[in-house]
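Report on the structure given below.
The values are calculated or read from the model by the stated rules, or taken from the named source; none is laboratory data. Since this is a predicted model, take the numbers as computed values, not measurements. FYI the Cβ positions are ideal-geometry reconstructions off the backbone, even for glycines, and counts take in every protein chain you see. Keep in mind that these areas ignore ligands, DNA and RNA; they rest on the heavy atoms of the full protein, side chains included. Shrake-Rupley method; radii C 1.70, N 1.55, O 1.52, S 1.80 Å.
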Amino acid sequence: MRKPFILALLLAIFLVSFGWYQSSFQDSLRTLLPICFVPTTNERQALTKESTLPPKPELQAQEDESTPPPKPELQAQEDESTPPPKSALQVEVDAIFEKIENLLIPKVSFTDFKQTTNARNSKVSIANPRETYCVGDDLVVQVDMFDHSGNRKTYGGDFLRPRLFSQELGAAVSGIVEDFKNGSYHVHFPLYWAGKVNINILLFYPSEGVAAVWRSRHSSQGVIGFEGKYEKFGKVAVTKCAFRLSKEEGKEICEYKDPLYEEVFHCYKAPNFTCESLNEMRGYDLQASYLTPVEKQIFQRSNIVVQIPHQISPLAVAQCNATVKAPKPKCQMGMSSPLPSGYFYNYIWNPVYCDMAVYTTADDFTKCLQGKKLFLIGDSTLRQFMMHFTEGIKIVNYFRYHFSGWAGWSLALEAMNMEKDIYVSYKRHGFPLEHDGFYYFKEDHYISRQIDQRAGGKDTIIVITMGQHFRQFPLKIFIQRAVNIRRALERLFLRSPDTKVIIKTENTRELFAPVERQGDFHGYTQYLVLKEVFQGVNVGFVDAWDMTVASATATVHPPTYTFASIMSLTFTFAC
């Protein structure tokens, strides 16, 4: 009897002791084990690139007890005084933005409309007059600016659009503007053809207008608003969306973020819906303006896109020598595009740095695309390509699309030719899109995401454009999108160096398009961004901006010979 009692007593003492020291023992292990298994520097760097798991509940509780949270007001002060460090992407975006701003934007202000540049009072003359003008020479035209009161301007920054043309020869070329920052400019015109040439210089916006639209563009998150449609089990709700939304009482905000590309937009969450149930999107004009009343005077139609008068007769250009020009290489990937990048002659584009094939017939394009997959990614100016292939020369047929023309332009499209093994697809570039009807946006991945999803290869052609739908928003949004596309292409070329990629710049558009929404100065800044971002990248660069300026195109979807030359240059690079 005594022995079992002793054993039971010893067991009870052991259990009490174990319970007493258990927590201390576990705490010791918690402290000791991390010390024994501290990751190396490389392991720590690898870990930081992965998403970390949430801490265990008991550990979180201990941390909360041992480390009291900072006082709310102190935390707020720290957040305001110490902004988060910029990512490498944001640093590059800021640098490009500053470069464009310093290059183009005059630091001017005015109080009286009469102080602004007036095209009709300004003067044009030839800076280097000669008895004979020869092909290959550089014609220099001087432009001196005056305001509405007849006073000479003392600073630069006017947005000029110069061109040299010959209607009889179907010839035209843009000019290079040299701004002396004192109200005078030199416009350089290379003389590429023999025959009579006419000078045309438009004052598109005065310098004061340039400064005004730049400030307006960056005074808000954009002059286009968005609505998102949430759908769940047959129920529908519509809420406001934007790149950024302010907090409002009683409203939750859904964030739609692609962390790899740092691209994000937001919508107010519809009550009783999940963020994931956002299904459709539409854009609408906010009817917003950030111009002052005196600034709006500048943009009255009679004051913008005005030809600067001159008394210069058409110049006769002669072929002064019989030297044979060296043959140009075929247009290939990675070639640098100068300015001007080419000229029209006999209504055909002639790049100055390479030899372009002319694609006109269905057979021309069929030979190029046979056995190929063509991915058109961008806006309606590439949808125009798809319409040409399906409804124009009819080398492919739509798959499950039963409309024609611009009907349902917001739809992703596919077309194919089974006999010739040709596949063509068109997809939009993703948020933002200026379209006033609701459209299904789930398939609108960012261009960089679409590139990352492609295997690529020698039989893959990707044509990219964007710009028109970004004119309504701050320039940094466009710059970030362009840099992300370049980074995605760099990854594509590592795994599939034979993939053909063509970047098409945006076109000029209607001369009197709303300046704060669609004005061509916004397009010009974006054109310069693309030239900067894709310099030295192994792509074909189609300078549609220069082509539409030279041909004086005043529609966002170029007609006839301008469109034909854009197509020819694109597929010379591709094939």
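Summary table
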| read-out | value |
| --- | --- |
| Qualifying residue in segment 413-422 (condition: in contact (Cβ under 8 Å) with a residue 40 or more places away in the chain and in a loop (DSSP other than H, G, I, E, B)) | yes |
| Index of the failed condition, S51 passing every other in (1) open to solvent by 90 Å² or more (accessible area, probe 1.4 Å); (2) in a helix (DSSP H, G or I); (3) at pLDDT below 60 | (2) |
| Residue in segment 221-231 that is at pLDDT 95 or above and among the polar types (S, T, N, Q) present | no |
| Sole exception among (1) open to solvent by less than 10 Å² (accessible area, probe 1.4 Å); (2) free of Cβ contacts under 8 Å to residues at least 60 places away in the same chain; (3) part of a strand (DSSP E or B); (4) of a type outside the set (A, V, I, L, M, F, W, C) for G156, by number | (3) |
| When residues of segment 265-315 are limited to those that are among the charged types (D, E, K, R) and without any contact (Cβ under 8 Å) to a residue 40 or more places away in the chain, the one surrounded by the most Cβ atoms within 10 Å (Cβ to Cβ) | K269 |
| Residue match in segment 388-398 (condition: in contact (Cβ under 8 Å) with a residue 60 or more places away in the chain and either open to solvent by less than 70 Å² (accessible area, probe 1.4 Å) or at positive phi (or both)) | yes |
| Conditions (1) on the phi < 0 side of the Ramachandran plot; (2) part of a loop (DSSP other than H, G, I, E, B); (3) basic (K, R); number of the one not met by R486 | (2) |
| Test for K504: is it in contact (Cβ under 8 Å) with a residue 24 or more places away in the chain and in contact with a helix residue (DSSP H, G or I) (Cβ under 9 Å, 6 or more places away or on another chain) | yes |
| Among residues of segment 534-573, those that are buried (at least 19 other Cβ atoms within 10 Å of the Cβ) and not in a loop (DSSP other than H, G, I, E, B), counted | 21 |
| Positions within segment 161-198 being surrounded by 18 or more Cβ atoms within 10 Å (Cβ to Cβ), of a type in the set (D, E, K, R) and closer than 23 Å to N507 by Cα, in sequence order | R161, R163 |
| Residue among W193, W214 that is farther than 25 Å from Q167 by Cβ and either in contact (Cβ under 8 Å) with a residue 60 or more places away in the chain or more than 22 Å from the chain's Cα centre (by Cα) (or both) | W214 |
| Extreme residue, farthest from R215 (Cα to Cα), among residues of segment 471-483 that are open to solvent by 10 Å² or more (accessible area, probe 1.4 Å) and in a helix (DSSP H, G or I) | Q480 |
| Segment 423-439: number of residues that are open to solvent by less than 10 Å² (accessible area, probe 1.4 Å) and either of a type in the set (V, I, T) or in a loop (DSSP other than H, G, I, E, B) (or both) | 5 |
| Answer residue from segment 440-453, given it is surrounded by 20 or more Cβ atoms within 10 Å (Cβ to Cβ) and among the aromatic types (F, W, Y) and is modelled with the lowest pLDDT among those | F441 |
| Residues within segment 226-259 that are touching a residue at least 60 places away in the same chain (Cβ under 8 Å) and either over 20 Å from F470 (Cβ atoms) or polar (S, T, N, Q) (or both), tallied | 1 |
| Some residue of segment 330-338 being within 27 Å of S166 (Cα to Cα) and open to solvent by less than 30 Å² (accessible area, probe 1.4 Å) | yes |
| Residues satisfying the stated conditions in segment 316-329, i.e. open to solvent by 80 Å² or more (accessible area, probe 1.4 Å) and under 35 Å from the mean Cα position of the chain (by Cα) | P327, K328 |
| Verdict on K114 being open to solvent by 50 Å² or more (accessible area, probe 1.4 Å), in a strand (DSSP E or B), more than 30 Å from Q480 (Cβ to Cβ) and charged (D, E, K, R) | no |
| Residue ID - farthest from I479 (Cα to Cα), chosen from residues in segment 215-264 that are of a type in the set (G, A, S) and open to solvent by 50 Å² or more (accessible area, probe 1.4 Å) | G234 |
